[in-house]
Ligand code: HAM
């Protein structure tokens with residue numbers, strides 16, 4: 001090839017890909033998302049929770065103050081940036097901090113207490129991407145703010161468990177339960193931990209060595225083998241809990257037993273966010289344990305005050321939706337395919353198209369999910385397309401049908417067809433699809 005021709009060849013750039021650690025939610029997975037949202041909404045509504053959506057980004061201090069400066073999330077995993085005026089903002093890595101900020105900002109303490117809120121939203125963490133760990137992921141979460149009673153912790157756990165059960169995956173998880181006491185209980189315990197680890201620093205992983213001074217509690221749930229062995233030998237938090245914390249925990253366990261919820265006492269469960277007090281819990285995969293917790297939560301009685309509100313107790317829970325979907329698929333659980341079409345409308349010629357357009361609208365208005373082949377392809381090609389969309393019925397309007405005011409309805413599974421009067425098409429199709437399968441538009445009655 002002559003040299004100047006070579007130079008003129010446009011440079012091949014590789015096609016764009018999603019950024020590392022994030023992914024598209026393609027239509028098939030959306031069916032799972034929709035199903036999960038419906039279950040969550042249903043169970044939350046039943047229990048009196050109302051939906052809240054906080055902004056995708058907040059002032060960075062909202063997360064620093066609540067989740068804790070030394071937590072992995074704040075120290076390593078936040079997407080933080082400055083706006084044009086130099087204010088530090090952060091993409092929300094979790095939901096509780098924003099909800100608490102909102103509770104205080106909107107004076108929700110004057111609402112009937114406790115305030116029960118839920119959310120279904122995307123969150124962002126600069127995590128190391130791997131199976132079940134992404135940089136943008138979805139959570140649903142529940143928060144009860146304004147009252148302290150072990151019966152409320154039990155309620156949160158019950159609803160979380162109920163939702164997992166509705167989704168068909170409750171059986172593959174165990175509920176891990178612990179109490180980390182009040183912050184006063186923990187002051188003495190943290191000193192005991194520091195004393196225990198004194199002189200053993202060299203056996204710890206680099207992360208734990210740096211956590212030892214700032215947040216020794218986190219040493220208990222390190223996944224490194226040597227750290228795990230030491231954690232087993234370390235002083236037990238339960239020996240430092242106050243009488244009140246112990247009684248609270250016992251009462252919670254009584255309520256769980258009363259509701260038939262199985263749990264495993266896990267004295268080293270501490271959670272990765274600093275705001276918890278007393279109850280902490282996680283749902284662990286029975287096969288790989290903590291690696292792939294599907295959700296977790298607990299009580300956070302000090303957080304509202306820490307964030308500038310009046311002292312107000314609270315508790316909550318959140319679960320990861322991608323992990324839920326992966327587990328539903330692992331269990332071979334299929335969800336209703338709400339996007340599947342009922343009818344394909346094929347036509348030939350401009351006059352036929354004129355008849356088809358209002359017919360397509362009419363079918364849709366009647367809850368029949370309809371797709372029209374409105375291009376210029378031959379009827380045969382349109383039928384092949386209908387096959388690919390796996391529709392049960394195709395309506396065909398060709399030149400003869402236009403002339404005679406009729407339409408052909410073809411049963412795609414057996415290949416039989418019949419001719420009906422054009423004005424009867426909608427009724428015929430409704431009969432074939434079945435009233436109960438129609439997808440009617442029903443957002444509820446608005447008052448205009
Ligand atoms: P968390 O344990 O940090 O708690 O997150 C809850 C769940 O979100 C995890 O169990 C996991 O399923 C999912 N998740 C977390 N990070 C990722 C990731 N990088 N990729 C995919 N899924 C992920 C909280 O966020 C607390 N706000 C829960 C809470 C609510 N506590 C009280 N109220």
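Here are the numbers for the structure shown:
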| item | result |
| --- | --- |
| Qualifying helices (runs of 4 or more DSSP H) (wholly inside region 376-436; at least 1 residues being within 18 Å of residue 365 (Cα to Cα)) | 425-433 |
| Given (1) touching a residue at least 60 places away in the same chain (Cβ under 8 Å); (2) near the ligand (Cβ under 8 Å from one of its atoms), number of the condition residue 296 does not satisfy | (1) |
| Every residue from region 315-336 that is under 8 Å from the mean Cα position of the chain (by Cα) and over 16 Å from residue 25 (Cα atoms) | 319 |
| Some residue of region 260-283 being within 16 Å of the ligand (Cβ to nearest atom), in a loop (DSSP other than H, G, I, E, B), more than 18 Å from residue 164 (Cβ to Cβ) and at pLDDT 95 or above | yes |
| Pair list, Cβ under 7 Å, 6 or more apart: region 127-148 residue farther than 30 Å from residue 312 by Cα and in contact (Cβ under 8 Å) with a residue 12 or more places away in the chain, other residue in a strand (DSSP E or B) and within 6 Å of the ligand (Cβ to nearest atom) | 127/133 |
| Residues within region 337-351 that are more than 27 Å from the chain's Cα centre (by Cα) and surrounded by fewer than 22 Cβ atoms within 10 Å (Cβ to Cβ), tallied | 4 |
| Any hit, region 349-368, residues being modelled with pLDDT under 95, away from the ligand (no atom under 16 Å from the Cβ) and not in a helix (DSSP H, G or I) | yes |
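The values are calculated or read from the model by the stated rules, or taken from the named source; none is laboratory data. Keep in mind that this is a model prediction, so the values were computed, not measured. Every residue, glycine among them, receives a Cβ derived from its backbone with ideal geometry; neighbour counts consider all protein chains shown.
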